[in-house]
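Below is one structure; the comments refer to it alone.
The values are calculated or read from the model by the stated rules, or taken from the named source; none is laboratory data. Quick caveat: nothing in here was measured; it's all calculated off a predicted structure. Accessible surface is based on the protein model in full, side chains and every heavy atom, while ligands, DNA and RNA are left aside. Shrake-Rupley method; radii C 1.70, N 1.55, O 1.52, S 1.80 Å.
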Amino acid sequence: LKFRLAGYPRKHNEGRVEVFYNDEWGTICDDDFTLANAQVLCRHLGFVAATGWAHSAKYGKGVGRIWLDNVNCVGSEKSIADCKHRGWGNSDCSHEEDAGVICKDERIPGFKDSNVIEVRTLLARVGSQCCPGSCRSFSGQGWVPCRHRASRTKGQCKGHGQQLQPQAGWPSTPPLPVGYTSPVSGLLSPCRLFTERQQLNYRLHSVSCTGTEVHLSMCSFEFYQGNTSSACGSGMPAVVSCVPGPLFATGNGHKKKQRQQQQGQPRIRLKGGAKIGEGRIEVLKSSEWGTICDDRWNLLSASVVCRELGFGSAKEALTGARMGQGTGPIHINEVQCLGTEKSLWSCPFKNITQEDCKHTEDAAVRCNIPYMGYENLIRLSGGRSRFEGRVEVAVGAVDGDQLRWGLVCGEGWGTLEAMVACRQLGLGFANHGLQETWYWDASNVTEMVLSGVKCAGHEMSLSHCQHHGTSLSCRNTGTRFAAGVICSETASDLLLHAPLVQETAYIEDRPLHMLYCAAEENCLSSSARQANWPYGHRRLLRFSSQIHNNGRADFRPKAGRHSWVWHECH
């Protein structure tokens, strides 16, 4: 069994309950529903407990089967299947009675969060879309199976930061949002499908999109009823061709990003995300960066942000500071985009004061981006877990050359390079970039193939960083000096409260006999060594300091508790 929360408007810890049973998503009827049922369901969803439940399709009506009815749990069951109910698929309810839950916003430790906000995956049980039109000769890249599988073949390429190329068969869409160039050629011919000898089951036809929907399931369409293999008699399977948007042009996405930054400072950015296209949303207003409050934050508004930044539509609209808490002002609240806007600033919103919202309510987003395959060109070996190890990269995959794996020279390897490696691996943030990895000597790969790697930190792949290319230059070529990384899904992010330093700074004359500890910890200038201790005094610059952690993990000192020592100064 799989479970998810759906519907809108909602936050990440509430929504309509949907259950995946017998290869199909469905809902639960609210008849006889209790808080005990919600407790069991919230644990399924990775939350520690439930704080309430909702009836009468509060989060919108679902689609598909109503899998459970008259559910009666005690509250201690490990699975909803252990509770009493009428039997799977046996229900006298309509979707107007879909049940929802409100869970306590506290995760079960170690639970892998996979809840996707508001993406209604109708396509999970859909076959092909019928596309009327004659057969043409075209070397196509693929057809739209509309199965919930690889994101590249969902038939919504522009939702992934890619350009959709329409042609006769499907109607053309309005101009594509910011981040895409104009359509070039069009839908591909289904001729090659005949050679694939696949039994096609059609479920959708008459799909009509405006072009600004965040998901294909949000377009209007019709279902085929009955025998779907004989449907679509006057048409063919719909086929699409996608090309990456400008940010993702192979090999130079980071250069284009730098060029855009040089052209003018953007008024919106993402912070706190480990991957490209995700993070806490920050906006520039009155020359000061601030955050957005998550009240009424939904997928439509999130998609406007994603497209403004050059990505596809939004995959998740995140609430509750899921990408870390920001600092400074909270600029706007209750953003209500229609989805057609080119910029967040064109959407209706409320200006707020700090009292209306707290940084625990900072809005964030995960955007759809094209599948670039960068993670297939890097791997880790020898580590104790999949998050650590010696870095191995694939080279020679150009012009039909045989792909070969090799090591990266550890000389000059640091945190910025490790950040790019962890991002390329899809493993989050970098905890450490290691220049020696003799303790991870568990692979038969011994050849150095990359040296002089110098990253800015925002690149999507190590190949986008500066490096020596084919002219290797590494003083220590032994495997013990190969680069390694330790990655983490979350990280701390320390930020000094600079205005406080300015506001509290003052000059103080202090007797030397009161400064022994300061001297021992090198807090005094070097001339203090020549002073006539304990007589005389030093003139000091004093100030208060406040350091915030606006990351997504606790900060701990580099030295563990076992290595701390008692000191009379502290």
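Within the assembled protein chains, the solvent-accessible surface assigned to residue 516 is about 120 Å², based on a 1.4 Å probe. Each 5 Å bin from 0 upward holds the following percent of the Cα-Cα pairs of the stretch 2-103: 3, 16, 28, 30, 18, 6, 0.
Using a probe radius of 1.4 Å on heavy atoms only, what accessible surface per residue do you get for the stretch 266-367? Whole Å² is fine. Write out the running numbers ahead of the final one.
On the way: 3760 Å² over 102 residues.
Dividing the accessible area of the stretch 266-367 by its residue count gives 37 Å².
Across the stretch 25-38, coupling constants 3J(HN,Hα) worked out from phi with the 6.51/-1.76/1.60 Karplus curve, θ = phi - 60°, read 7, x, 10, 10, 6, 8, 4, 6, 5, 9, 5, 4, 4, 5 Hz, and Gly and Pro carry x. Using a probe of 1.4 Å, the accessible surface attributed to residue 514 totals some 100 Å² when neighbouring protein chains are kept in position.
Entry comment: accessible area of the stretch 1-43 is 37 Å² per residue, from protein heavy atoms only and a probe of 1.4 Å.
Centroid-to-centroid, using Cα positions, the stretch 51-113 and the stretch 5-46 are 4 Å apart.
In whole percent, how big is the carbon plus sulfur part of the accessible area of the stretch 496-549, probe 1.4 Å, protein atoms only? Accessible surface attributable to carbon and sulfur in the stretch 496-549 totals 52 percent.
Out of the total accessible area of the stretch 418-468 (probe 1.4 Å, heavy atoms of protein only), what percent is carbon and sulfur? Intermediate results must be reported in sequence, preceding the final value.
Details: 1050 of 2250 Å².
Answer for the stretch 418-468: carbon and sulfur cover 47 percent of the accessible area.
Applying the Karplus relation 6.51 cos²θ - 1.76 cosθ + 1.60 with θ = phi - 60° to the stretch 477-488 yields 3J(HN,Hα) values of 8, x, 5, 5, 9, 7, 6, x, 9, 10, 9, 8 Hz, where x marks Gly and Pro.
Accessible surface calculations at 1.4 Å, restricted to protein heavy atoms, place the stretch 426-570 at 69 Å² per residue.
Counting every pair of alpha carbons in the stretch 374-488, the share spaced more than 17 Å apart comes to 47 percent.
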